[in-house]
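Data block below; observations after.
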Amino acid sequence: MKLRNLALSVSVACATLSTALVSPAAQAAEQFFPALVYRTGAYAPNGVPFANGYVDYLKLTNARGGINGVMVSWEECETGYATDKGVECYERLKGKNGGATVFQPLSTGITFALTEKAPVDKIPLITAGYGRSESADGAVFKWNFPIAGTYYQAADVLVQHVGKKEGGLDKLKGKKLALVYHDSPYGKEPIPLLERRAKELGFSLELLPVTHPGVEQKATWLKIRQSRPDFVFLWGWGVMNSTALKEAQATGFSRDKLYGVWWSGAEPDVKDVGMGAKGYSAVTMQHGAEYDSDVVKEILDKVHGKGQGTGPKEEVGQVLYMRGAMAAMFAVEGARAAQEKFGKGKVVTGEQARWGYENLDLTQAKLDALGFKGVMRPVKTSCNDHQGANWARVHTWNGSKWEFSSDWYQADDKVLGPLVKEMADKYAAEKKIERRAASDCDS
């Protein structure tokens, strides 16, 4: 009985939280952007700043006058990073407030689950920097949009980066690379790309899965100390990242040989390790910490300056906060693009918004006008390309802050292109999906 009462209390608390995080305009005829978030649980330290950046950008959009006069609304639903809860949130929110414009699962596991639901409900999914890497192939994945980043891209750029540090990709022959990864769909995503690169370039690949949530890694780092890899790639999330850095320090593995994916390269990952993480690098999804960007200055002025900030003022501009703001910008600009076809100044449906995400053309001039000058490069999607950009940089923790330590890299499409098609074709065969005809590209 006590457990039942506790569950009821938690359920009531979550319902109260959900209600509290509904935007003031959420009951009117606005463009509705539901948010699947995790402000609780093992991944909350990383999930919270993303969610705050996402909501603050939506608030900024309204402060700017909406999308051609159409105000935006939102509602958060707490998933705790659990796939089953993510699906429940999706089902609860998809039909609210006139219907969802787009969902951003913020979880590769939830993305896998929703990939089959989205086409039925005609609601697009933006999975910027996560989800299925092969969903960049819009001819198979009509409703999925990994805009500006996939894990194949991230892994390839990291391989390019360590190759450059060694004096060229050919110098990787005979080297050892270990992948320490979250034992989940997320952590397994880069493996096909790394296996292909290992075979092509002649380096060995050691796969070291870490069980959720990642607080126990001693056996993993004992293996690393024994096998002595030349490089370690870290595909972690939440507490797993800081734990890995602490274990690397404890076992004497040089942090300048440790490289993280963009979900392992933010302030929460290193702040508790401090100088112990100095030299650790991570690939970025274009942006890093962007305190001096125009969009951050505008949010501080028009949102936090009005007492309407979602989280603490000091986090505005941090890495994950910027990731959330960027994700919200993609959502808004795709709806704006859809208005150009279906009616400027009108609320667009999820199906119409899908067309907008497939015809997204964020030129540098547009990005600069939105406040992302120096933060991002152009993004242009198409019927076949639902990613739209494959640029990345690397930044390094100097003991107190992140600093860019590389120029721009572009993932090698000669490697990624065939792999994406191969994996997309495999998915299509399993699900009995036909590739889209050219005539479907304007739908």
With the first residue restricted to region 52-81 and required to be farther than 23 Å from Asp294 by Cα and in a loop (DSSP other than H, G, I, E, B), and the second required to be open to solvent by less than 10 Å² (accessible area, probe 1.4 Å) and of a type in the set (A, V, I, L, M, F, W, C), Cβ contacts under 6 Å at 6 or more apart or on different chains are Thr79/Leu36; Thr79/Cys89
Regarding Phe112, is this residue open to solvent by less than 20 Å² (accessible area, probe 1.4 Å), within 23 Å of Gln352 (Cα to Cα) and in contact (Cβ under 8 Å) with a residue 60 or more places away in the chain? no
Look through Lys85, Lys122 and report the one residue that is surrounded by fewer than 24 Cβ atoms within 10 Å (Cβ to Cβ), touching an Asp or Glu at 6+ places or on another chain (Cβ under 8 Å) and closer than 23 Å to Ile433 by Cβ. Lys122
Only one of these conditions is not met by Pro229: (1) open to solvent by less than 30 Å² (accessible area, probe 1.4 Å); (2) under 27 Å from the mean Cα position of the chain (by Cα). Which number is it? (2)
Applying the selection to region 137-166, what residues are open to solvent by less than 10 Å² (accessible area, probe 1.4 Å) and under 21 Å from Glu333 (Cα atoms)? Gly138, Phe141, Asn144, Phe145, Pro146, Ile147, Ala148, Gly149, Thr150
Within region 222-238, is even one residue touching a helix residue (DSSP H, G or I) at 6+ places or on another chain (Cβ under 8 Å), in a helix (DSSP H, G or I) and of a type outside the set (A, V, I, L, M)? yes
The correct count of residues that are out of contact with any Pro (no Cβ under 8 Å at 6 or more places or on another chain) and not in a helix (DSSP H, G or I) in region 239-281 is 14
For Ser443, state whether it is small (Gly, Ala, Ser), under 30 Å from Lys94 (Cβ atoms), surrounded by fewer than 16 Cβ atoms within 10 Å (Cβ to Cβ) and in contact (Cβ under 8 Å) with a residue 40 or more places away in the chain. yes
Inter-residue pairs, beta-carbon under 6 Å, first farther than 13 Å from Asp425 by Cα and in region 137-153, second buried (at least 24 other Cβ atoms within 10 Å of the Cβ) and among the hydroxyl-bearing types (Ser, Thr, Tyr), 6+ apart: Asn144/Ser135; Phe145/Tyr357; Pro146/Thr127; Pro146/Ser135; Thr150/Ser133; Tyr151/Ser133; Tyr152/Ser133
Is there a residue being small (Gly, Ala, Ser) and either surrounded by fewer than 23 Cβ atoms within 10 Å (Cβ to Cβ) or without any contact (Cβ under 8 Å) to a residue 24 or more places away in the chain (or both) anywhere in region 258-273? no
Find the residue count for region 174-195, including only residues that are within 18 Å of Pro229 (Cα to Cα) and not in a loop (DSSP other than H, G, I, E, B). 9
Being among the charged types (D, E, K, R) and part of a strand (DSSP E or B) narrows Glu216, Glu116, Glu206 down to just Glu206
Kindly check whether there is at least one residue in region 407-425 that is open to solvent by less than 10 Å² (accessible area, probe 1.4 Å), touching a strand residue (DSSP E or B) at 6+ places or on another chain (Cβ under 8 Å) and within 24 Å of Asp440 (Cα to Cα). yes
Specify the residue that is nearest to Ala155 (Cα to Cα); the eligible residues are those in region 181-197 that are more than 19 Å from the chain's Cα centre (by Cα) and open to solvent by less than 10 Å² (accessible area, probe 1.4 Å). Leu194
Boolean, Met326 is in a helix (DSSP H, G or I) and open to solvent by less than 40 Å² (accessible area, probe 1.4 Å): yes
Being in a helix (DSSP H, G or I) and open to solvent by 80 Å² or more (accessible area, probe 1.4 Å) is the filter here; which residues of region 297-314 pass it? Lys297, Asp301, Lys306, Lys313, Glu314
Can you go through Asp361, Asp294 and tell me which one is out of contact with any Gly (no Cβ under 8 Å at 6 or more places or on another chain) and open to solvent by 10 Å² or more (accessible area, probe 1.4 Å)? Asp361
So which residues in region 46-78 are open to solvent by 10 Å² or more (accessible area, probe 1.4 Å), within 20 Å of Gly334 (Cβ to Cβ) and touching a Lys or Arg at 6+ places or on another chain (Cβ under 6 Å)? Phe50, Ala63, Asn68
Given (1) open to solvent by less than 50 Å² (accessible area, probe 1.4 Å); (2) within 14 Å of Ile147 (Cα to Cα), number of the condition Arg393 does not satisfy: (2)
So if I check each of Val347, Val375, which one is open to solvent by 20 Å² or more (accessible area, probe 1.4 Å), in a loop (DSSP other than H, G, I, E, B) and not charged (D, E, K, R)? Val347
Within the group Lys117, Lys176, which residue is within 22 Å of the chain's Cα centre (by Cα) and among the charged types (D, E, K, R)? Lys117
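The values are calculated or read from the model by the stated rules, or taken from the named source; none is laboratory data. Not measured: the values here are computed from a predicted model. Cβ: placed from backbone, ideal geometry, glycine included. Neighbour counts: every protein chain shown. SASA here: full protein model, heavy atoms, side chains in, ligands and nucleic acids out. Shrake-Rupley method; radii C 1.70, N 1.55, O 1.52, S 1.80 Å.
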